[in-house]
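Scroll down for the structure; my scribbles are underneath it.
The values are calculated or read from the model by the stated rules, or taken from the named source; none is laboratory data. Note that this is a predicted model, so its numbers are computed, not measured. All Cβ positions, even for glycine, are placed from backbone atoms using ideal geometry, and neighbour counts span all protein chains on display. For the accessible areas, the whole protein counts, side chains as well, though only heavy atoms, and no ligand, DNA or RNA atoms are used. Shrake-Rupley method; radii C 1.70, N 1.55, O 1.52, S 1.80 Å.
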Amino acid sequence: MIEVLAKLGRGPVFLAGEVLECVITFTNPLSASSTSASSEMLAWASAQIHCQFHASENRVALPPSDGSKHDVQAENETVFVPNRGERGQCILSTPPKILFCDLRLDPGESKSYSYCETLPMDGPPSFRGQSVKYVYKLTIGCQRVNSPIKLLRVPFRVLVLHGLKDYQFPQDEAVAPSNPFLEEEEGLKKDSRLADLATELLMVATSRRSLHLYNISNTRGKVGTFCIFKTVYKIGEDVIGTFNFSEGDIPCLQFSVSLQTEESIQEEFQRRRGQPVSFTVHARHQESCLHTAQSSFSLPIPLSSTPGFTTNIVSLKWRLHFEFVTSGESAGTCLVHGSQSEAVTWTGVEQMEVDTFSWDLPIKVLPTNPILASYVSQFSSTNSITI
C-alpha cells in the first residue's frame, strides 16, 4: 500500500498566467499492526493540468465531439489519460510531465516531487453556471507493476484578468528591486511580477470614481434620483448606491435592488432560437420608503462568484436590477381628528393603487487577488489517495 499526497503550496485559486506549484509525496506507511513489512514498487507517475467543459443538454447545442468516450480505466491500460471517466469535453490541457520511473519505497520511506506548470492565459475562467461549467483539475496518474493506473485529481480555481497577456516584462532586471539574501528561480520571479502587475491593474481599474446620476421616472412623472460613484468592481467589494426621493413627483412606496449575473448562450449554440437568458441573484436589498427623503444600499459581491467573461459558447455579465413600487394617487396618509382635547392622529390608508416598474444598470466585475479568493474556496489545498 502506498499513500499519495498532493499539496498546493499557495492555495487552490490562481490567476491565468501564474505558475501552479504542487508538492506530491509518495509514502510507504509503516503500520504498527502489520506483522511483516516489505518494499513497494511504482512503475511510473505523471502529472497534467486540464480544463473540463460540461454543457446542459437542454440549453446548449454542441457539435459532436471527435474523441471517443472512456468511462473506466482499462485493466491493462498503460496510457495516462487525465480526463478519463470525466463528464464533458477536455478543452484545454498542458503537456504531461513525468515525475519518476521505477520508484522503490522501503517501509516508512517517503519521496516528494515538485510539479510546476504555467496556467494557460487563453483558457476560460473556472465557472459553474446553469448552462455550462468550466472545471480545472491537476491530475496525478501513477501505476504499480501489473496493476491498473490510479488517478488523483486536485481541483482548483482559475481567475482570468484580461490585459495580462499583452504585457511585456522589462528586460533590464537591474531596474527592479531585488532581495540579495534570497535566491529565486526565474520562473518564480516572473510569477511574482505577474501577480504584482495584476494587483496594480485591478487597483487602477476599480479605484476610478466619478459621480453617476440617474433620473428614476415612470410614465406619470419623476420618482427620484439614483447616485453611484463607480461601475467597475472586484469580487469581494461592496456595491454602494444612494437614492434621493425628495425631488420626486410620484411617491415611492418600496424599492428593491438585486445584484445579478446574466448567463447567455451564443446564438449559434442555443438549443432553441430565442431561448431565455439565465439569471442568478447574488445579493438583494429591499426597503419600504414612503415619506423617505433619502436611502441607500450596500450589496457585497461574493468572493466565490465568477467575474464577467466571454467565450465562444457563453458570456457572463453583471448588473443591478431595480424594482420600484410607486403610488397611483397623490396622498399616502390621512388625518383622523378627535375631540378638542385629543391630539391629531395620523393613520395609513387601507387601500392604495400602485404602479410597478423595473430598471437594469450594467456593471463590470473583475477578479481579485487569488490569495484572498483562496480563503473562501470550496476546494482543499491537500488531496490524497491510497494505491
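One residue stands out in the stretch 246-285 among those that are within 15 Å of residue 327 (Cα to Cα) and surrounded by 15 or more Cβ atoms within 10 Å (Cβ to Cβ): the one that is nearest to the chain's Cα centre (by Cα), namely 255.
Rundown of residues vs (1) modelled with pLDDT under 90; (2) in a strand (DSSP E or B); (3) in the same structural domain as residue 20 (by the TED database); (4) within 25 Å of the chain's Cα centre (by Cα), yes/no style:
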residue: 68; (1), (2), (3), (4): yes, no, yes, no
residue: 82; (1), (2), (3), (4): yes, no, yes, yes
residue: 108; (1), (2), (3), (4): yes, no, yes, no
residue: 139; (1), (2), (3), (4): no, yes, yes, yes
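So for the stretch 254-271 (the condition being of a type in the set (Asp, Glu) and modelled with pLDDT of 95 or more), does at least one residue qualify? Yes, there is a match, as at least one residue in the stretch 254-271 is of a type in the set (Asp, Glu) and modelled with pLDDT of 95 or more. Of all residues in the stretch 296-322, those that are at negative phi and assigned to a loop (DSSP other than H, G, I, E, B) have Cβ atoms under 6 Å from Cβ atoms of residues that are among the polar types (S, T, N, Q) and open to solvent by less than 60 Å² (accessible area, probe 1.4 Å), 6 or more apart or on another chain, in 313/266. Looking at this structure, is residue 235 in contact (Cβ under 8 Å) with a residue 60 or more places away in the chain, within 23 Å of residue 301 (Cα to Cα) and touching a His at 6+ places or on another chain (Cβ under 7 Å)? Against the criterion (in contact (Cβ under 8 Å) with a residue 60 or more places away in the chain, within 23 Å of residue 301 (Cα to Cα) and touching a His at 6+ places or on another chain (Cβ under 7 Å)), residue 235 does not qualify. Being at pLDDT below 90, assigned to a loop (DSSP other than H, G, I, E, B), out of contact with any Phe, Trp or Tyr (no Cβ under 6 Å at 6 or more places or on another chain) and of a type in the set (Lys, Arg) is a property that holds for residue 165. When the stretch 178-202 is limited to residues that are under 21 Å from residue 14 (Cβ atoms) and assigned to a loop (DSSP other than H, G, I, E, B), the one that is modelled with the highest pLDDT turns out to be 185.
Report yes if residue 131 is open to solvent by 20 Å² or more (accessible area, probe 1.4 Å) and either under 26 Å from residue 316 (Cα atoms) or in contact (Cβ under 8 Å) with a residue 40 or more places away in the chain (or both), otherwise no. No: the conditions fail for residue 131. Only residues that are open to solvent by less than 10 Å² (accessible area, probe 1.4 Å) and closer than 20 Å to residue 15 by Cβ were counted in the stretch 97-122, giving 2.
Applying the criterion of being touching a helix residue (DSSP H, G or I) at 6+ places or on another chain (Cβ under 7 Å) and in a strand (DSSP E or B) to the residues of the stretch 203-242, the residue that is least open to solvent (accessible area, probe 1.4 Å) is 233.
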